[in-house]
Amino acid sequence: MQKTVVVSRNSKASPARHKNPNPSHNSNEVDSQLYDWLWTYQEEPHRTRRQLIIKAHPEVTKLCGPEPLTKYVVGFVVILQFLIAYSLRDTPVFSWKFLLTAYVIGGTANQNLFLAIHEISHNLAFKKPFANRLLAIVANLPIGIPYSASFRPYHLTHHKSLGVEGLDVDLPTSLEAVFLDSVLGKAFFATFQIFFYALRPMVIYRIPFTWIHFFNVITQVAVDAIFVKFVGWNVLWYFFWSSFLAGSLHPCAGHFIAEHVGFYSVALRSLGCVFATFIFRG
């Protein structure tokens with residue numbers, strides 16, 4: 001059984017989740033006061049859609065596989081962030097120049113690296129998995145905090161168990177449903193969503209700490225320490241601001257809140273109409 005995240009238009013909705021215990025019943029027949037989560041028994045759509053597309057257009061399989069340009073794009077963006085951070089070494093952290101640069105350039109660059117790490121986690125930069133793991137750690141450097149090694153297992157489980165409670169860490173927790181079920185709550189989430197994505201997985205379940213996690217942490221801490229010692233703390237502040245703004249109210253962060261959610265009104269729900277965004281937006 002899968003849980004679909006629903007963006008409600010009714011501010012009086014109860015924060016409790018509803019779970020239809022009987023698969024034979026229509027999953028849309030939900031008490032109007034208990035509809036914060038939409039529980040469905042339908043098949044997860046990605047696998048079926050993939051099979052249908054390949055059957056109708058087998059030529060699309062030629063587009064699958066590693067993209068050779070990825071490593072060059074990652075290298076360029078990492079070096080760009082290093083150079084900008086160095087150029088801001090004497091600029092006050094809370095000055096308009098520092099923050100505007102971190103938002104316009106840094107936020108865009110680090111969002112690019114977020115998505116690069118996503119692609120690399122699917123082994124789409126190199127054919128060898130080990131080379132992909134190493135490139136992900138390199139892409140992680142301007143983000144300032146080690147996360148690439150942990151992202152991969154959490155994200156692959158998300159794909160394998162889309163909408164499954166307790167496994168899909170992209171699903172909001174019950175606590176989020178209670179405190180963010182309002183316009184202000186959703187605005188707060190959109191502003192600080194990077195912290196939700198960083199902390200939520202650890203709340204839902206823990207993954208084993210392996211050698212690649214250790215290497216990710218050691219490499220990131222070493223590079224951060226070198227910058228602080230020889231350039232100054234402004235470099236780390238630039239990395240942190242860039243990462244925060246990349247996952248906040250930034251044009252490039254829109255895909256975070258457009259993925260795998262539903263939107264409906266009470267009137268549409270009574271007709272059994274729920275619009276789920278099971279669309280990969282590229």
Given (1) surrounded by fewer than 20 Cβ atoms within 10 Å (Cβ to Cβ); (2) modelled with pLDDT of 95 or more; (3) of a type in the set (S, T, N, Q), index of the condition Ser182 fails
(2)
Please state which of the following conditions His158 fails to meet, knowing it meets all the rest: (1) under 18 Å from the mean Cα position of the chain (by Cα); (2) modelled with pLDDT under 90; (3) surrounded by fewer than 17 Cβ atoms within 10 Å (Cβ to Cβ).
(3)
Give me the pairs: first residue in the stretch 70-90 and at positive phi and at pLDDT 95 or above, second residue exposed (fewer than 12 other Cβ atoms within 10 Å of the Cβ) and not aliphatic (A, V, I, L, M), beta-carbon distance under 8 Å, and six or more apart or on different chains, which are they?
none
Hey, could you check the stretch 185-239 for residues that are surrounded by 12 or more Cβ atoms within 10 Å (Cβ to Cβ), of a type in the set (Ser, Thr, Tyr) and closer than 20 Å to Leu171 by Cα and say which is modelled with the highest pLDDT?
Thr191
Taking Ala116 and the conditions (1) under 17 Å from the mean Cα position of the chain (by Cα); (2) in a loop (DSSP other than H, G, I, E, B); (3) over 20 Å from Phe192 (Cα atoms), which numbered condition does it fall short on, given that it satisfies the others?
(2)
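Can you give me the ranges of the helices (runs of 4 or more DSSP H) entirely in the stretch 155-262 with at least 3 residues that are farther than 22 Å from Thr101 by Cβ and among the aliphatic types (A, V, I, L, M)? Working first, answer last.
Working: elements: 174-179, 183-191, 193-204, 211-230, 234-246.
Once the helices (runs of 4 or more DSSP H) in the stretch 155-262 are filtered for at least 3 residues that are farther than 22 Å from Thr101 by Cβ and among the aliphatic types (A, V, I, L, M), what remains is 174-179, 183-191, 193-204, 211-230.
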State whether the residues of the stretch 123-136 include one that is loosely packed, with under 13 Cβ neighbours inside 10 Å, part of a helix (DSSP H, G or I) and either touching an Asp or Glu at 6+ places or on another chain (Cβ under 6 Å) or in contact (Cβ under 8 Å) with a residue 12 or more places away in the chain (or both).
no
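Under the condition of being in a helix (DSSP H, G or I) and among the hydrophobic types (A, V, I, L, M, F, W, C), which residue from the stretch 144-154 is farthest from Leu134 (Cα to Cα)?
Looking at the filtered set, the residue picked out is Phe151.
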Going by the structure shown, is Leu171 in contact with an Asp or Glu (Cβ under 7 Å, 6 or more places away or on another chain) and not aromatic (Phe, Trp, Tyr)?
yes
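The values are calculated or read from the model by the stated rules, or taken from the named source; none is laboratory data. For clarity, every value in this text was computed on a predicted model and none was experimentally measured. Quick reminder, even Gly has a Cβ in these numbers, built from the backbone with ideal geometry, and neighbours come from all protein chains shown.
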